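The values are calculated or read from the model by the stated rules, or taken from the named source; none is laboratory data. What you are looking at is a predicted structure, and each value in this text was computed from that prediction instead of being measured. Using ideal geometry, Cβ is built from the backbone for each residue, glycine included, and neighbour counts are taken over all protein chains shown. With ligands, DNA and RNA removed, areas are computed over all heavy atoms of the protein, side chains included. Shrake-Rupley method; radii C 1.70, N 1.55, O 1.52, S 1.80 Å.
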Amino acid sequence: MIQANNIHKSYDKLHVLKGVNLEVQNAEIVSIIGKSGSGKSTLLHILGTLDQSDKGSVIIDGADISTFDAKEIAKFRNSKIGFIFQFHHLLPEFTALENVLIPAMIANDSNKVKEARAKELLDYLGLSERINHKPSQLSGGEQQRVAVARALINEPSVVFADEPTGNLDSESSAELHKLLQNLRDEYKQTFVIVTHSKELSEISDRTIIMQDGLIKDQI
């Protein structure tokens, strides 16, 4: 699903990534761990097309995004990539259903088809009775599940998650861990996750350990 070759990234004189090579298979949960400054978030942003490497190539689902211009990257990101962040970034004035539909609206997809899928996802995530509630009326765990549905609405090839349980209590974190496993098993969804959570890395298929801008080990 993902092949990253010789990824380098610097900010001014700080060499953050120093030649990272990584492969991620379809329907695999991969966690990336490491101390602050190890380069894990920078790598996630480059793989997720939110930033560009100074050197190297990234191939996602057969497409070499290193060759894309800004417009092509934006279109590819909307159609092929989903994101889950530590803070859900739901729009407070919109309902759960409307928040889930935002990526589909950006893609100008059929409202009826996507609305049916949004309701299906929210039902799968246990939120069928909360679709008309606004974020302020939802618990933290419910808000994050809405963010998961939003990440999945355009049927992405891969979902990138940055500390997805970092703002959740232990019970909500455990529920999200189980949800990610179910999505991998039932929908063959691929996940790449940056995390400090030992529990989340333990339920992953593979854990990448980063240190000083390089992959130190894989377990």
Which pairs do you get when a residue that is more than 12 Å from E199 (Cβ to Cβ), found in the range 169-189, comes within reach of a residue that is β-branched (V, I, T) and modelled with pLDDT of 90 or more, reach meaning Cβ atoms under 7 angstrom, with the pair 6+ apart or on two chains? L179/V148; R184/I29; Q189/V159
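For the range 158-170, state whether one or more residues are open to solvent by 20 Å² or more (accessible area, probe 1.4 Å), assigned to a strand (DSSP E or B) and closer than 22 Å to F87 by Cα. Before you say what the answer is, go through the steps one by one.
Quick first cut of the range 158-170, residues open to solvent by 20 Å² or more (accessible area, probe 1.4 Å) only: 162-163, 166-170.
Remaining after also requiring assigned to a strand (DSSP E or B): 162.
Retained after the next criterion (residues that are closer than 22 Å to F87 by Cα): 162.
Scanning the range 158-170 turns up at least one residue that is open to solvent by 20 Å² or more (accessible area, probe 1.4 Å), assigned to a strand (DSSP E or B) and closer than 22 Å to F87 by Cα.
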Do you know which of the residues in the range 12-26 that are open to solvent by 30 Å² or more (accessible area, probe 1.4 Å) and within 22 Å of the chain's Cα centre (by Cα) is farthest from Q211 (Cα to Cα)? N26
Suppose the filter is open to solvent by 60 Å² or more (accessible area, probe 1.4 Å) and not small (G, A, S); does Q181 pass it? no
Residue under evaluation I203, criteria (1) open to solvent by 10 Å² or more (accessible area, probe 1.4 Å); (2) at pLDDT 90 or above; (3) over 21 Å from G37 (Cα atoms), criterion not met: (2)
Please pick out the residue among F87, F76 that is closer than 20 Å to L44 by Cβ, buried (at least 16 other Cβ atoms within 10 Å of the Cβ) and in contact (Cβ under 8 Å) with a residue 24 or more places away in the chain. F76
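Just name the residue that is farthest from N5 (Cα to Cα) out of those in the range 15-50 that are in a helix (DSSP H, G or I) and of a type in the set (V, I, T).
Looking only at the range 15-50, we keep the residues that are in a helix (DSSP H, G or I), and these are 40-47.
From what's left, of a type in the set (V, I, T): 42, 46.
Numbers: T42: 15, I46: 12 Å.
Filtering first and then ranking leaves T42.
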Please enumerate the residues belonging to the range 139-153 that are in a loop (DSSP other than H, G, I, E, B) and under 13 Å from the mean Cα position of the chain (by Cα). I153
Complete set of residues in the range 79-90 that are farther than 13 Å from L152 by Cβ and touching a helix residue (DSSP H, G or I) at 6+ places or on another chain (Cβ under 6 Å): H88, L90
If a residue has to be surrounded by fewer than 16 Cβ atoms within 10 Å (Cβ to Cβ), not charged (D, E, K, R) and not in a strand (DSSP E or B) to count, how many in the range 51-72 make the cut? 4
Given the structure, is Q189 modelled with pLDDT under 90, under 26 Å from F76 (Cβ atoms), crowded, with 19+ Cβ neighbours inside 10 Å and not charged (D, E, K, R)? no
When you look at S173, is it out of contact with any Asp or Glu (no Cβ under 9 Å at 6 or more places or on another chain), surrounded by 18 or more Cβ atoms within 10 Å (Cβ to Cβ) and in a helix (DSSP H, G or I), yes or no? no
Does L127 satisfy the criteria of being buried (at least 16 other Cβ atoms within 10 Å of the Cβ) and assigned to a helix (DSSP H, G or I)? no
Could you check N108 against (1) modelled with pLDDT under 90; (2) open to solvent by 20 Å² or more (accessible area, probe 1.4 Å); (3) touching a strand residue (DSSP E or B) at 6+ places or on another chain (Cβ under 8 Å) and say which number it fails? (3)
